[in-house]
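To keep things clear, I will list the structure first and then write my remarks on it.
The values are calculated or read from the model by the stated rules, or taken from the named source; none is laboratory data. Since we're looking at a predicted model, the values are computed, not measured. Cβ placement follows ideal geometry from the backbone for every residue including glycine, while neighbour counts extend to all protein chains displayed. Ligands, DNA and RNA are stripped out before the accessible areas are found, and what is left, the full protein with its side chains, is counted by its heavy atoms. Shrake-Rupley method; radii C 1.70, N 1.55, O 1.52, S 1.80 Å.
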Amino acid sequence: MSTGTTLEAGEAAEAAIPELVIISGMSGAGRSTAAKCLEDLGWFVVDNLPPALIPTMVELGARSQGNVARIAVVVDVRGRQFFDALRESLADLDAKQVTRRIVFLESSDEALVRRFESVRRPHPLQGDGRIVDGIAAERDLLRELRGDADLVIDTSSLNVHELRAKMDAQFAGDEEPELRATVMSFGYKYGLPVDSDLVVDCRFLPNPHWVPELRPFTGLNDEVSGYVFNQPGAKEFLDRYTELLQLIAAGYRREGKRYVTIAVGCTGGKHRSVAMSEKLAARLASEGVETVVVHRDMGRE
C-alpha cells in the first residue's frame with residue numbers, strides 16, 4: 001500500500017532524485033550559517049525539519065521535474081527520539097540508493113560557552129543545569145552521527161566569513177571534483193585541529209623563529225619559505241609526502257570519500273607549517289585536487 005508521497009516504480013525510474021546534504025552538529029557551532037551559504041549557492045534549504053520527514057522531502061523533490069535538484073536539510077537533534085528517527089531515515093535513504101552527505105559542525109566547549117553567554121541564551125539541553133551540562137549531553141547524543149559524517153568542520157576559531165569560505169570551497173560549482181582537500185597549518189602549542197584527517201609534523205625542520213631577521217615574518221614570505229625549503233630534508237619530505245597523498249587519495253576515491261583535511265603543524269603555526277602548507281596545496285592543485293588553504297594560527301602569537 002502506497003502513500004500520497006511515495007513514488008511508484010515507474011515514476012521513480014523517471015524522476016531525478018535530488019542531491020541531499022544533511023547539516024547537523026553542535027548547537028551554536030554554525031549550522032544556520034552553513035545552511036545560508038548553501039541557500040546562496042542555489043540549494044533548496046529546509047531548516048529544523050523533523051528527521052522522519054527527510055525521505056518525504058527527497059521524494060517531493062524527485063517529483064519537481066528537476067526544479068529541486070539539490071536539497072539541504074538542517075537537522076536539530078535534541079533528544080533520543082529524534083536521533084532514532086534520523087537513524088531510521090538514513091537507513092531508508094540508503095535502501096533507496098539516495099546519494100546523501102552529512103556535514104557536521106563541531107566546536108570546542110570553550111567556544112560554545114562563549115557564544116551562548118554572548119547572546120544570553122540557555123543551551124537547549126541544559127535544563128536546570130549549566131551550559132556545559134547541555135553541551136556535554138548534546139555531544140554524547142551526537143557522537144555516532146559525528147562518526148558517520150562525510151565532512152566535519154571545526155568552527156572553534158572560525159568567524160562567519162571563514163565558515164562561509166569553507167562551505168563555498170566544498171560546495172560551489174556545477175561539477176564536483178573527485179576529491180576536495182583543505183590544507184590547514186596550525187601550531188602544536190594551540191592544540192591539534194579536531195577535524196583533521198591527516199596530520200603532518202614539520203617540527204623536524206629548523207625554526208625560522210630563531211633567525212632574528214626572519215622572526216617577524218610568516219611562511220608566506222619568500223625569504224622564510226626559502227629558508228625552510230633550503231633545510232636538509234625539506235624538499236625530499238614534500239616530494240615523498242605528496243607521493244603518499246596520491247596513494248591515500250586513490251583509496252579515498254575508491255571508498256567514496258570526497259573531502260580530506262590535512263593538518264600541517266609546527267610549534268607556533270607561523271613559519272614552517274605555513275610554508276609547507278602552501279607548497280603542499282600547490283602540489284595537490286597541480287594534480288587536479290580542488291584545494292583550499294587555511295592558516296589557523298598565523299597571527300595568533
| What part of the accessible area of the range 178-293, given as a whole %, is carbon or sulfur when the probe is 1.4 angstrom? | 52 percent
| Counting only residues 5 or more places away or on other chains, whose amide H sits under 5 Å from the amide H of Ile23 once H atoms are built in the peptide plane? | Val73, Val74, Val75, Val103
| query | Which three lengths, in whole Å and largest first, does the range 189-249 cover when its Cα atoms are put on their principal axes? | reply | 38, 27, 18
| task | Could you provide, to the nearest whole Å², the per residue accessible area of the chain with probe 1.4 Å? | result | 51 Å²
| said: Sort 41-51, 238-248, 288-298, 264-274 by the packing proxy (mean of other Cβ within 10 Å over each peptide's residues), most packed first. | reply: 264-274, 288-298, 41-51, 238-248
| How big is the convex hull of the Cα atoms of the range 135-276, per residue, in Å³? | 145 Å³
| said: Keeping all protein chains in the complex and leaving out DNA, RNA and ligands, what accessible area do you get for Val183 with a 1.4 Å probe, in Å² to the nearest 10? | reply: 0 Å²
| task | Report, in deg cm²/dmol and to the nearest 500, the calculated mean residue ellipticity at 222 nm for the chain, where each DSSP H run with n ≥ 4 adds -39500 (n - 2.57) and the sum is divided by the residue count. | result | -12500 deg cm²/dmol
| note | Residue-ordered couplings for the range 179-194, obtained by feeding phi - 60° into the Karplus form 6.51 cos²θ - 1.76 cosθ + 1.60 and rounding to whole Hz (Gly and Pro as x), are 9, 10, 10, 10, 9, 10, 7, 7, x, 4, 6, 9, x, 6, x, 6
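Leaving ligands and nucleic acids out of the surface, order Phe217, Phe104 by accessible area at 1.4 Å, largest first.
Of Phe217, Phe104, the descending order of accessible area is Phe217, Phe104.
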| field | Percentage relative contact order, the range 17-169, counting C-alpha pairs under 8 Å, at least six apart | value | 33 percent
| message | Using only the alpha-carbon atoms, how far is helix 31-40 inclined from the longest principal axis of the chain? Give it as 0 to 90 degrees, nearest 10. | response | 80 degrees
| said: Just to confirm the number: angle between the C-alpha axis of helix 80-95 and the first principal axis of the chain, 0 to 90 degrees, nearest 10? | reply: 90 degrees
| message | Need the list of aspartates and glutamates near Lys189 for cross-linking: C-alpha distance under 13 angstrom, and skip anything on the same chain fewer than eight residues off. | response | Asp201, Asp297, Glu301
| For the range 106-185, what is the relative contact order in percent, using Cα pairs closer than 8 Å and at least 6 residues apart in sequence? | 28 percent
| What are the residues whose amide H is under 5 Å from the amide H of Arg70, where those residues sit 5 or more places off or on another chain and H is modelled from the backbone? | Glu19, Phe44
| query | Tell me, what does the Kirkwood hydrodynamic radius of the range 17-169 come to in angstroms if you use every pair of distinct C-alpha atoms? | reply | 16.0 Å
| request: Please give the contour-minus-distance gain from Asn221 to Glu144: 0.36 nm per residue of separation, less the Cα-Cα distance, rounded to one decimal in nm. | output: 23.5 nm
| Between helix 109-119 and the chain: long-axis angle, C-alpha atoms, 0 to 90°, nearest 10 | 70 degrees
| request: Would you mind checking which residues have amide H under 5 Å from Met184's amide H? H placed 1.01 Å from N; only 5 or more apart, or other chain. | output: Ile262, Ala263, Val264, Val294
| query | Can you give the Kirkwood hydrodynamic radius for the chain, in Å, rounded to one decimal and based on Cα pairs? | reply | 21.1 Å
